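Peer 1: The structure's right below; bear with me while I get my questions together.
The values are calculated or read from the model by the stated rules, or taken from the named source; none is laboratory data. No experiment lies behind these values; they were computed from the predicted model shown. As a convention, Cβ positions derive from the backbone with ideal geometry for all residues, glycine included, and neighbour counts pool all protein chains shown. To get the accessible areas, we keep the full protein, side chains included, count just its heavy atoms, and leave off ligands, DNA and RNA. Shrake-Rupley method; radii C 1.70, N 1.55, O 1.52, S 1.80 Å.
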Amino acid sequence: MKNPVLKDYPHILLGADYNPEQWLHMPEVLEKDIQFWQEANMNSFSVGIFSWSVIEPEEGVYNFSHLDDVMDRAAEAGGKIVLATPSGARPHWLAQKYPEVLRVNERREKLLFGERHNHCFTSPVYREKVQNINRRLAERYKDHPALGIWHISNEYNGNCHCPLCQAAFREWLKKKYHNNLDELNRAWWSTFWSHTITDWEQIESPSSLGEYRVHGLNLDWMRFVSDQTIDFLKSELVPIREVTPDVPVTTNFTGFNHDINYWRAKEVLDVTSWDNYPSWHNDEEPACYVAAKTAMVHDMYRCFKNKPFFMMESTPSCVNWKPVNKLMRPGMNTLQAFQAISHGADGVMYFQFRKSRGGMEKFHGAVIDHVGHQDTRVYREVQSLGARLKGLDELVGVGTKSEVALVFDWENIWLFDDIAGYHNKERKYIPTCEKHYYPFWKNGISVDVLDMDGDFAPYKLVVMPMAYMLRPGVEEKIEAYVRGGGTIVFTYISGIVDENDLCYLGGWPGGRLKEVFGIWAEETDTLYPSDRNHVEVDGKIYTAVDYCDLIHLRGAKALGAYQEDFYAGRPALTVNGYGAGRAYYIAFRDTGDFLVDFYEKLMTELALVRNLQGELPENVTAQRRGDFIFLENFGENETVVPLHRTYKNYETNKVYPYECVLAPREVKILVEI
Ligand code: GAL
């Protein structure tokens, strides 16, 4: 079943952030932009993101003329506008007149006006001012034919420690702990170092000037910050929903943003979207790995709403904020766009359409460069991408079917960043999830990315790396899933603490999971970076690094054993038959090759459906939406992909009976015939 993002617009969106307010003194520039935009085969602009000081130059004085102009021109051209609320950057006058909107940092220093994404999410004044400008925008454009979707704010992030936020945090805690300080003290284990709290007013947000080692407090603070940001988003939506109830809303997320548990925002939005800036062509990681990492994030964003999403920002050439800002090689822009589409995106947008002349982003890639004409490598590539996308209306709204779920949980990021123990510098939770995702990408098997509260039932395989903390109900869900016939994979450092970061008593993994996995873990050996152990599985020796759990069998079968040190011979990989299903425990971190072999074996045993039958060459993946199979070559070489049946190129109608050739960075869309 199709589930399009914009109900009345049956095309893939190709757009860009557009900031005409920077060019109002040069109308001849704006005149050309619309022509360039149309000739690039683009059909969308995201506008208004940083327009507040122009649309409300003084409190209560409004001027929407530049937005009117873009909206009208987009409508004339049959395009759609992604209309932003401007809360991501407030005007000077607002901060000057109402200093409470300015943030206070964790050292309790009041910040000056500056930067962006820097307002207090609690401030009633800021909320009121934002609601006011949002209402004005909604009322002005509610019936405008170009209004496609709301872009609420911009990349929400950060936190504020002002007195208003402290008070809101205490209220949040009172609610969570039923107004009961004993409950809170138990959850925070606060008798440790004699930090028992006897009055709610003693509670302060974590600060390097004071309390920052009570992990329960830190975790609750992160939960509060996330909830408060989402609450701010909800407050932005009040006038929007009231005035434009039928216009969908999104906000642009950023990868694995540290401050917000995006899973908790999904209900508030109609569509998810995210800003994608991978380090293509970097000198540290192979191309296939950068591609797989990016693919995993796309999959996660698709899964939030389980329907197509937008890639709201990307660069058509380079960014300007990484240590090295390398140009994307020819074809990479197109491949990046198709990668997003192949994982479920129905919109591909850039930051930005016209490159700023001054300011911090003047060297950031854009569709139109300072040269001011269309005869550039970047423009031509965007134009030819646009031409291809025009032929893909049939794809709009089509979903993805996955038999595998990878569980990645935001609260575990917070905990792994905060706990004391294991590798204190970096515990590599996200890279570990990526390493477990990679074998599926490499084999062209679609994966859904869920958090631990997701529904496991539809999947043949659930992969749950480093599931350190388990929220209530997860243990039971895993038990029922495996008993009912599911296969689950756990790793080292899993099932260690409950939702308050309190260790499970009675051995790990917590509670009934010891029965499900048929093991218990007694200790974890943390290795120095140059330390190695080895593990033998099926006669092959793999290298163990960083972590080795020392486990005991309690019914599980050992499939691999450590080769060295005082735990030589002890199990390093186990499987347990439980009910109608199976539970695997990988006790060690490997250097990557073990995971590929392990999952490839499992793919065969579970007969997981590949998007393209047979083996794929290096750096190539196959992703699928409905009948459309996307063959993507992230490598630098021409590659022959063997085919086990006849396919047709959807765009050219060329038939491939045995094989098809992909140029470097090429994507072909195949359909079965
Ligand atoms: C994003 C931001 C854009 C632009 C872009 C540059 O994080 O939303 O406004 O700054 O980065 O890459």
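Peer 1: Can you tell me which of L612, L595, L608 is part of a helix (DSSP H, G or I), among the aliphatic types (A, V, I, L, M), within 28 Å of V489 (Cα to Cα) and modelled with pLDDT of 95 or more? Explain how you work it out, then say what you get.
Peer 2: Values: L612 fails: part of a helix (DSSP H, G or I); L608 fails: part of a helix (DSSP H, G or I).
Selected residue: L595, the only one of L612, L595, L608 that is part of a helix (DSSP H, G or I), among the aliphatic types (A, V, I, L, M), within 28 Å of V489 (Cα to Cα) and modelled with pLDDT of 95 or more.
Peer 1: Restricting attention to region 151-163, and to residues there that are touching a strand residue (DSSP E or B) at 6+ places or on another chain (Cβ under 9 Å) and more than 16 Å from the ligand (Cβ to nearest atom), which single residue is most open to solvent (accessible area, probe 1.4 Å)?
Peer 2: In this case the residue turns out to be P163.
Peer 1: Additional query: Which residue out of S87, S53 is over 24 Å from I260 (Cβ atoms), within 16 Å of the ligand (Cβ to nearest atom) and polar (S, T, N, Q)? Please lay out each step first, then the result.
Peer 2: Working: S87 fails: over 24 Å from I260 (Cβ atoms).
S53 is the lone residue from the list that is over 24 Å from I260 (Cβ atoms), within 16 Å of the ligand (Cβ to nearest atom) and polar (S, T, N, Q).
Peer 1: Return the residues of region 175-206 that are within 27 Å of N257 (Cα to Cα) and in contact (Cβ under 8 Å) with a residue 12 or more places away in the chain; say none if nothing qualifies.
Peer 2: Within region 175-206, K176, A187, W188, I203, E204, S205, P206 meet the criteria.
Peer 1: Report yes if F338 is more than 14 Å from the ligand (Cβ to nearest atom) and within 23 Å of the chain's Cα centre (by Cα), otherwise no.
Peer 2: Working: more than 14 Å from the ligand (Cβ to nearest atom): yes; within 23 Å of the chain's Cα centre (by Cα): yes.
So F338 fits the description; yes.
Yes/no per residue for (1) over 30 Å from the mean Cα position of the chain (by Cα); (2) surrounded by 12 or more Cβ atoms within 10 Å (Cβ to Cβ); (3) polar (S, T, N, Q):
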position	(1), (2), (3)
L616	no, yes, no
R625	no, yes, no
F628	no, yes, no
G635	no, yes, no
L643	yes, yes, no
Y650	no, yes, no
P657	yes, no, no
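Peer 1: Go through region 599-611 and report how many residues are of a type outside the set (D, E, K, R) and over 26 Å from the mean Cα position of the chain (by Cα). Let's see the steps before the verdict.
Peer 2: So the first thing to find is which residues in region 599-611 are of a type outside the set (D, E, K, R), and the list is 599, 602-604, 606-609, 611.
Restricting the remaining residues to those that are over 26 Å from the mean Cα position of the chain (by Cα) gives 602, 604, 606-607.
Number of matching residues: 4.
Per-residue answers, yes or no, for (1) within 23 Å of A340 (Cα to Cα); (2) out of contact with any Pro (no Cβ under 9 Å at 6 or more places or on another chain); (3) outside any helix (DSSP H, G or I):
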| position | (1), (2), (3) |
| --- | --- |
| D246 | no, yes, yes |
| H258 | yes, yes, yes |
| W280 | yes, yes, yes |
| Y289 | yes, yes, no |
| T294 | yes, no, no |
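Peer 1: Just one of the numbered conditions (1) exposed (fewer than 14 other Cβ atoms within 10 Å of the Cβ); (2) within 21 Å of D593 (Cα to Cα); (3) of a type in the set (F, W, Y) is not true of Y542; which one?
Peer 2: Evaluating Y542 over (1) exposed (fewer than 14 other Cβ atoms within 10 Å of the Cβ); (2) within 21 Å of D593 (Cα to Cα); (3) of a type in the set (F, W, Y) leaves (1) as the failure.
Peer 1: Looking at N306, is it within 23 Å of I152 (Cα to Cα), of a type outside the set (D, E), away from the ligand (no atom under 12 Å from the Cβ) and in contact (Cβ under 8 Å) with a residue 12 or more places away in the chain?
Peer 2: yes
Peer 1: Would you mind stating whether N105 is surrounded by 13 or more Cβ atoms within 10 Å (Cβ to Cβ), within 16 Å of the ligand (Cβ to nearest atom) and of a type outside the set (S, T, Y)?
Peer 2: On the way: surrounded by 13 or more Cβ atoms within 10 Å (Cβ to Cβ): yes; within 16 Å of the ligand (Cβ to nearest atom): no; of a type outside the set (S, T, Y): yes.
No.
Peer 1: Which condition from (1) closer than 16 Å to N252 by Cβ; (2) surrounded by fewer than 21 Cβ atoms within 10 Å (Cβ to Cβ); (3) among the charged types (D, E, K, R) is the one that R302 breaks?
Peer 2: (2)
Peer 1: Check region 130-138 and report whether any residue there is at pLDDT 95 or above and closer than 23 Å to Y9 by Cα. Please lay out each step first, then the result.
Peer 2: First pass over region 130-138, keeping only residues at pLDDT 95 or above: 130-138.
Subset that is closer than 23 Å to Y9 by Cα: 137-138.
Within region 130-138, one or more residues are at pLDDT 95 or above and closer than 23 Å to Y9 by Cα.
Peer 1: Kindly check whether there is at least one residue in region 165-181 that is in a loop (DSSP other than H, G, I, E, B), out of contact with any Gly (no Cβ under 7 Å at 6 or more places or on another chain) and within 16 Å of the ligand (Cβ to nearest atom).
Peer 2: Of the residues in region 165-181, the ones in a loop (DSSP other than H, G, I, E, B) are 177-180.
If we keep only those that are out of contact with any Gly (no Cβ under 7 Å at 6 or more places or on another chain) as well, we get 177-180.
Retained after the next criterion (residues that are within 16 Å of the ligand (Cβ to nearest atom)): none.
Checking region 165-181: not a single residue is in a loop (DSSP other than H, G, I, E, B), out of contact with any Gly (no Cβ under 7 Å at 6 or more places or on another chain) and within 16 Å of the ligand (Cβ to nearest atom).
Peer 1: Then there is this: Do we have V378 as over 30 Å from V489 (Cβ atoms), in a helix (DSSP H, G or I), within 16 Å of the ligand (Cβ to nearest atom) and open to solvent by 10 Å² or more (accessible area, probe 1.4 Å) here?
Peer 2: On the way: over 30 Å from V489 (Cβ atoms): yes; in a helix (DSSP H, G or I): yes; within 16 Å of the ligand (Cβ to nearest atom): yes; open to solvent by 10 Å² or more (accessible area, probe 1.4 Å): yes.
Yes; evaluated as a whole, the condition is true for this residue.
Peer 1: Which one of P509, P465 is under 22 Å from the mean Cα position of the chain (by Cα), at pLDDT 95 or above and crowded, with 24+ Cβ neighbours inside 10 Å? Quick ask: steps written out before the conclusion?
Peer 2: Details: P509 fails: under 22 Å from the mean Cα position of the chain (by Cα).
The conditions single out P465.
Peer 1: Can you name the condition, by its number, that W37 falls short on among (1) under 18 Å from L83 (Cβ atoms); (2) more than 16 Å from the ligand (Cβ to nearest atom); (3) open to solvent by 20 Å² or more (accessible area, probe 1.4 Å); (4) touching a Phe, Trp or Tyr at 6+ places or on another chain (Cβ under 8 Å)?
Peer 2: Evaluating W37 over (1) under 18 Å from L83 (Cβ atoms); (2) more than 16 Å from the ligand (Cβ to nearest atom); (3) open to solvent by 20 Å² or more (accessible area, probe 1.4 Å); (4) touching a Phe, Trp or Tyr at 6+ places or on another chain (Cβ under 8 Å) leaves (3) as the failure.
Peer 1: Scan region 169-209 residue by residue and report those that are open to solvent by 60 Å² or more (accessible area, probe 1.4 Å), under 33 Å from the mean Cα position of the chain (by Cα) and within 18 Å of L502 (Cα to Cα).
Peer 2: Passing the criteria: K176, W189.
Peer 1: State which residue is nearest to the ligand (Cβ to nearest atom) when the search covers only region 341-375 and only residues that are more than 18 Å from M328 (Cβ to Cβ) and part of a strand (DSSP E or B).
Peer 2: The qualifying residue nearest to the ligand (Cβ to nearest atom) is R354.
Peer 1: Go through (1) in contact (Cβ under 8 Å) with a residue 24 or more places away in the chain; (2) in contact with a helix residue (DSSP H, G or I) (Cβ under 8 Å, 6 or more places away or on another chain); (3) open to solvent by 50 Å² or more (accessible area, probe 1.4 Å) for N134 and report which single condition fails.
Peer 2: (3)
Peer 1: Something else: Quick check on F224: is it at pLDDT 95 or above, in contact with a helix residue (DSSP H, G or I) (Cβ under 6 Å, 6 or more places away or on another chain), among the aromatic types (F, W, Y) and not in a loop (DSSP other than H, G, I, E, B)? So that I can check it myself, show each step before the final result.
Peer 2: Numbers: at pLDDT 95 or above: yes; in contact with a helix residue (DSSP H, G or I) (Cβ under 6 Å, 6 or more places away or on another chain): yes; among the aromatic types (F, W, Y): yes; not in a loop (DSSP other than H, G, I, E, B): yes.
Criteria met by F224.
Peer 1: Take residues that are over 23 Å from E242 (Cα atoms) and tell me which of the helices (runs of 4 or more DSSP H) falling wholly in region 23-141 contain 1 or more.
Peer 2: On the way: elements: 27-39, 52-55, 65-76, 92-97, 124-141.
In region 23-141, the matching helices (runs of 4 or more DSSP H) lie at 27-39, 52-55, 65-76, 92-97.
Peer 1: Under 8 Å by Cβ, and 6 or more places apart or on different chains, what pairs join a residue from region 40-60 that is over 23 Å from T334 (Cα atoms) and in contact (Cβ under 8 Å) with a residue 24 or more places away in the chain with one that is away from the ligand (no atom under 16 Å from the Cβ) and of a type in the set (S, T, Y)?
Peer 2: Short answer, once both residue conditions are applied: I55/Y62; E56/Y62.
Peer 1: Now for a separate question. Look at S273 and say whether it is farther than 24 Å from I149 by Cβ, within 16 Å of the ligand (Cβ to nearest atom) and modelled with pLDDT of 95 or more.
Peer 2: On the way: farther than 24 Å from I149 by Cβ: no; within 16 Å of the ligand (Cβ to nearest atom): yes; modelled with pLDDT of 95 or more: yes.
No: the conditions fail for S273.
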